[in-house]
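Below: the structure, in structure tokens.
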Amino acid sequence: DLKTQGSVTMPTGSVLQVVHGTTSTQVDTTSSSYVDTGLTATITPSSTSSKILAIYSPSIYQAVSGTALTIQLVRGSTSIAVHGYALFASGAVVISQVAATHLDSPATTSATTYKIQMKTESSQSITANYDDGAGDTHSTITLMEIQG
């Protein structure tokens, strides 16, 4: 067991810790400005040279096919990744599980919070963390500390 062997330096690229966050609290918006989705997780890197791999997948509900939206990953109060989506469906209603990843270099050993924000690009209503009652459309974020 490496944990009981004293100080060990893991090879570059090793996963040092994993933090997972989820939410099923719905957030509705028609705003063209970013709003918090409630999807967040906090990690405390063990070294300033560590990288943080963020894997995030907000569940998005749209009432109109062709709704365009943008999500962004925010570290603290700084936007570090932006992703645009156009959601299409053959019917009038769709639930989409959009997904993205980002490798970050926060250069800190302080507790660091990552969150997902969204905005609509088409003035259409969108809902993050939509729960259809089956319990399988919840939004998730996973943070992995990677040895630098």
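Backbone amide hydrogens, once placed in the peptide plane, bring THR112 within less than 5 Å of ILE43, THR44, excluding anything fewer than 5 places away on its chain.
Going by accessible area, probe 1.4 Å, with all protein chains left in place, what is the ranking of SER59, SER79, largest first? Display every interim value, and only then the final one.
Values: SER59 0, SER79 60 Å².
Result of the area sort, largest leading: SER79, SER59.
At an R0 of 35 angstrom, the distance between the Cβ atoms of THR44 and ALA86 translates into a FRET efficiency of 0.45.
The values are calculated or read from the model by the stated rules, or taken from the named source; none is laboratory data. In this text, all values refer to a predicted model and were calculated from it rather than measured experimentally. No Cβ is skipped: glycine too gets one built from the backbone with ideal geometry, and neighbour counts run over all protein chains shown. Side chains included, ligands, DNA and RNA excluded: accessible areas come from the protein's heavy atoms. Shrake-Rupley method; radii C 1.70, N 1.55, O 1.52, S 1.80 Å.
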